[in-house]
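The values are calculated or read from the model by the stated rules, or taken from the named source; none is laboratory data. Please read all numbers here as calculations on a predicted model, not as lab measurements. All Cβ positions, even for glycine, are placed from backbone atoms using ideal geometry, and neighbour counts span all protein chains on display.
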Amino acid sequence: MKDTQNPIALRSRKWLANALLELMKRKPFREISISEIAEKADLSRRTFYRSFSSKEEVICFHLQTIWRTGILKLATDEDHSYSHTIRWYLELWNEHRELALLLYRNNLMSLLLQEYNQIFREVYLMRKGNYPLAKNSEAMKYALSYSAGGLLNVLWQWASEGMRKSPEEVANLLMVALQLPGTE
């Protein structure tokens, strides 16, 4: 993704992301053209390509925005338990359930894995920064890959069921399955 802090460029990115998500509500992702996205955002194709190199990059930009907001909330939490962090993750996706379902329906959930692999290290260091795993970068890389894949599959399963269960229900099922404290 093109890196710029220019407020006008950032506004254009947001407009393009919103336009793509609106179009995805009506037609499959693969059938949406760059021209349609730009037109829906009232911008030019040229502006699209100044901001992004692909439609997938637009989705990744939107995901990063969601994660940044979610991480700010997580940073203020005093409960650093695994069960609380899982609940935060599920509640974040519940807030963005429409996006999760759009990604699922359009076979785009794999884009999340790319984002997870970048963001989960930050979440781990925020929650468990002084634990031994944080000092062993090789082990941490594998542990975080394991967690990213597992949590992505939990979201995938939840989305495949239409996200009808509450975040609390999914968290409780996960805690039971992992035999972790916090199970109700």
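Yes or no, residue by residue, for (1) within 27 Å of residue 91 (Cα to Cα); (2) part of a helix (DSSP H, G or I); (3) touching a helix residue (DSSP H, G or I) at 6+ places or on another chain (Cβ under 6 Å):
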residue: 18; (1), (2), (3): yes, yes, no
residue: 22; (1), (2), (3): yes, yes, no
residue: 26; (1), (2), (3): yes, no, no
residue: 38; (1), (2), (3): no, yes, yes
residue: 46; (1), (2), (3): no, yes, no
residue: 49; (1), (2), (3): no, yes, no
residue: 57; (1), (2), (3): yes, yes, no
residue: 73; (1), (2), (3): yes, yes, no
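Quick one: in region 121-142, of everything that is small (Gly, Ala, Ser) and at pLDDT below 80, which residue is surrounded by the fewest Cβ atoms within 10 Å (Cβ to Cβ)? Among those that are small (Gly, Ala, Ser) and at pLDDT below 80, it is 137.
For region 20-44, which residues satisfy the criterion of being under 22 Å from the mean Cα position of the chain (by Cα) and touching a residue at least 24 places away in the same chain (Cβ under 8 Å)? Listed by number, the residues that qualify are 20, 21, 24, 25, 28, 29, 30.
To keep it simple, each residue is scored yes or no on (1) in the same structural domain as residue 161 (by TED's automatic domain parsing); (2) surrounded by 16 or more Cβ atoms within 10 Å (Cβ to Cβ); (3) out of contact with any helix residue (DSSP H, G or I) (no Cβ under 6 Å at 6 or more places or on another chain).
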| residue | (1), (2), (3) |
| --- | --- |
| 80 | yes, no, no |
| 87 | yes, yes, no |
| 93 | yes, yes, no |
| 99 | yes, yes, yes |
| 107 | yes, no, yes |
